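The values are calculated or read from the model by the stated rules, or taken from the named source; none is laboratory data. All values reported here derive from a predicted model rather than from experimental measurement. Don't worry about glycine lacking a Cβ; one is built from the backbone with ideal geometry, like all the others, and counts go over all protein chains shown. The accessibility values were calculated without ligands, DNA or RNA, using every heavy atom of the protein model including side chains. Shrake-Rupley method; radii C 1.70, N 1.55, O 1.52, S 1.80 Å.
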Amino acid sequence: MRKYQQLALVLLSVTCVVILLVYKSENNRLKYVLEVVNIFGRNDAASLIRIDNSSRLHSSPYDFDSPLPAWQRLGDGFYVYSSFWQKNELAAGGTVISIAVGLEHAAVNFKCQIQHGTGDIATGKLHFVRLDHPTGSIKAPNSEVFVVYKLLCKVARDFGQPTEIIFTDTAQSIKRYVPLRVLESRSVQQKMTMTACVDMTDYLELEEEFRMPSAVLQYFLHHQIVGVEDFIVYNSNALNGATTSLLYSHGIKINLLPYNFPFDLADKQQNRMLIEMDCLMRNYNAAKLTYIGAINEYLYPSSRLRVNNKFLKYAWKVSSDVSRFSLASRSVCIDKRKKVFSDNLLYDVDVTLTTPTERPFHVYKPQDYNRTAGTPDFVKTLDVDRSMIFVHRYGGKCSSKTNLHDWTISLQPDFLQYVTDVGRELNKLIFR
């Protein structure tokens, strides 16, 4: 009997030692997490987001920057930026959609072929859509006028995974190879809720307040906190190595795309149209919603962009023929004494969308938008009440304005509290 008691005591001792080791291991892990999150110091949901983003930073299944786009010469007066392969849903074959610009009166005189990973080459039929912007065409310095095109290369057979489209200038028999981005099919559950395409092509023209590393970080952190999951930046030259490293260190997922347009873009709205086309194709089947914005345009939802957000509930409820939402915006002046932009409370009543420098701010449903051919004539847009979401465009000194109003007066208390909380979190993250 005594032997059994001794054996039981030995087993109990071994069990206690094992439990103690497991406890010590878990305790060390918990201490590490608490040190990273600094949970005793502040309410730090944003830090948890950044940790999650950092863990996925180099393993994202979306790879918005692959392959890298670039403006390439196709022929005399024609340039292409990017090309996308879209497979037919109910039939063999598919279409390569290319974003291009060309001389206003030049003929689209190309042939197209699609090269596949197996080395096979399929000859396609080339069609094109000319997209005229209401404000006119792009004027180069030599007064030549350029217009935007969608070049469509269609094939009716499957040859495997396509890798490149080959354009042949029939006048000179010169071939140009453009890498393809394949638009993969994904379920709704696999798609991100919202992404942002950041237009930084006129970055150097902005006020110095928006070009400082802390201001750039503030833009991306703000939108990360409110629920934007990924960023596509147009004009990678706008961000130097130090600023890029700063963003990566905060777990911000950015995809840097070059934008080497071969001519001066006198018409900024036309330039935005080109970026919009690429952005919406790049987000096709990757994000449920996306928008194109500048570094001084801040999105303010009434709560984080997740399941219970008012705007998202509204967006999911509308029919699929609605592919674009128009958001209310204000032109908010800045006080240099305020570090966080959301602390600037005065907006200029005299600045409206009729002002040449202002433009509507849209949130898109990429898949539905591309199904409507992505042309303004077929796009159905709904206005969104500012009680759900709105946009602030920051710029200009308050001292130079006369007709200023406080934008917080008309905001619901819970909405204002959320904006305040986001501002406080930014202040802790950037200026601690």
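Residues in the stretch 355-368 include none that are modelled with pLDDT of 90 or more, assigned by the TED database to the domain that holds Glu205 and touching a His at 6+ places or on another chain (Cβ under 8 Å).
Which of the following residues is among the acidic types (Asp, Glu) and modelled with pLDDT under 95: Glu164, Glu209?
Exactly one of Glu164, Glu209 is among the acidic types (Asp, Glu) and modelled with pLDDT under 95, namely Glu209.
Would you confirm, using the coordinates I've provided, whether Phe231 is hydrophobic (A, V, I, L, M, F, W, C), assigned to a strand (DSSP E or B), surrounded by 17 or more Cβ atoms within 10 Å (Cβ to Cβ) and within 12 Å of the chain's Cα centre (by Cα)? For Phe231, the condition - hydrophobic (A, V, I, L, M, F, W, C), assigned to a strand (DSSP E or B), surrounded by 17 or more Cβ atoms within 10 Å (Cβ to Cβ) and within 12 Å of the chain's Cα centre (by Cα) - is met. A count restricted to the stretch 107-124 and to residues that are open to solvent by less than 40 Å² (accessible area, probe 1.4 Å) and out of contact with any Cys (no Cβ under 6 Å at 6 or more places or on another chain) stands at 5. Restricting the first member to the stretch 400-423 and to residues that are closer than 16 Å to Ile225 by Cα, and the second to residues that are hydrophobic (A, V, I, L, M, F, W, C) and open to solvent by less than 90 Å² (accessible area, probe 1.4 Å), the beta-carbon pairs closer than 8 Å and six or more apart or on different chains are Val419/Leu411; Val422/Ile225; Val422/Val226; Gly423/Val340. Within the stretch 316-331, the set of residues being touching a Phe, Trp or Tyr at 6+ places or on another chain (Cβ under 9 Å), basic (Lys, Arg) and over 18 Å from Leu280 (Cβ atoms) comprises just one member, Arg330. Tell me, which helices (runs of 4 or more DSSP H) lie completely within the stretch 237-325 with 2 or more residues that are crowded, with 21+ Cβ neighbours inside 10 Å? Because the criterion is at least 2 residues that are crowded, with 21+ Cβ neighbours inside 10 Å, the helices (runs of 4 or more DSSP H) in the stretch 237-325 that meet it are 268-282, 310-317.
Scanning the stretch 76-103 for residues that are farther than 19 Å from Cys279 by Cα and surrounded by 15 or more Cβ atoms within 10 Å (Cβ to Cβ) turns up Gly77, Phe78, Gly93, Gly94, Gly102, Leu103. Would you check if Thr408 is assigned by the TED database to the domain that holds Cys333, modelled with pLDDT under 90, of a type in the set (Val, Ile, Thr) and assigned to a loop (DSSP other than H, G, I, E, B)? In short, no. Among the residues of the stretch 389-432, those that are open to solvent by less than 40 Å² (accessible area, probe 1.4 Å) and touching a helix residue (DSSP H, G or I) at 6+ places or on another chain (Cβ under 7 Å) comprise Ile389, Tyr394, Thr408, Val419, Val422, Gly423, Glu425, Leu426, Leu429, Ile430.
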